[in-house]
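Trainee: My structure is below; once you've seen it, I'll send some questions.
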């Protein structure tokens, strides 16, 4: 074979080999894509906002005696509530203001409580459920009164009917007949009170509602003082 043909054939074989080697060299220099495996998010169950929060602590402590007649009540809840979510009921009833400081509900008597008297209180939630009832006894000697009668629950209801007719009526909510339905809600404005929304089902709905309210032994004056919305 002539030399020039030998070199020609050799070139045809060697050149593709060199090109292949160069290609492999540069391909090996490229960065490899490494798949990133993100961690699976941890599932969680949020705390239900629908469940009424329980009471964690109270101050004065439940059943405590010799409590100062001017001392505020501090009720610590499991979570924060707004003034629309609850009311504080007391028995015997005493006028008070209610403040919310985080999870704490502060109940301040507007005037000194009676000496030597046992007071009970509880929270009523807007869904109609109640917390446990707590008590404390003020210091001093109790006023001279006769022995308490056996019908304490009835006397307590009468006390609310006379002293807080809006709270008394709210405790009957919701209520419905063939003529009307009525619900109650709490509002802090312009002053703290309950208002009532009446929906008439018949032409006689409004009068039927008023007749029902009167059957609860509320006076015309008390009914006129209520915030009733038709």
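Trainee: With label points built 7 Å along Cα→Cβ from the Cα atoms of residue 129 and residue 69, find their separation and express it in nm.
Mentor: 3.8
Trainee: Just from the alpha-carbon atoms, what are the Rg and Dmax of the range 175-229 in angstroms?
Mentor: My reading of the Cα-based Rg and Dmax gives 11.6, 33 Å.
Trainee: If R0 is 35 Å, what FRET efficiency do you get for residue 223 and residue 118 from their C-beta distance, rounded to 0.05?
Mentor: For residue 223 and residue 118, the calculated efficiency is 0.60.
Trainee: Between residue 207 and residue 85, what's the calculated FRET efficiency when r is the beta-carbon distance and R0 is 41 Å? Round to 0.05.
Mentor: So the FRET efficiency works out to roughly 0.80.
Trainee: For 215, 135, what ranking results if the residue with the fewest other Cβ atoms within 10 Å of its Cβ goes first?
Mentor: 215, 135
Trainee: Computed on alpha carbon atoms, what radius of gyration and Dmax characterise the range 55-141, expressed in Å?
Mentor: In Å, with Rg to one decimal and Dmax whole: 12.4, 39.
Trainee: What's the exposure ranking of 230, 119, going from fewest to most Cβ atoms within 10 Å? It would help to have the intermediate numbers written out before the result.
Mentor: On the way: 230 12, 119 20.
Sorted ascending by nearby Cβ count, the order is 230, 119.
Trainee: Counting other beta carbons within 10 Å of each Cβ, put 227, 166, 127 in order, fewest first. All intermediate terms of the calculation are to be shown ahead of the outcome.
Mentor: Working: 227 13, 166 20, 127 10.
In order of increasing Cβ crowding within 10 Å: 127, 227, 166.
Every number here is computed from the coordinates shown, using simple stated rules; none is lab data. Note that the structure is a prediction, hence the values are computed from the model and not measured. Positions of Cβ are backbone-derived with ideal geometry, glycine not excepted, and every protein chain shown enters the neighbour counts.
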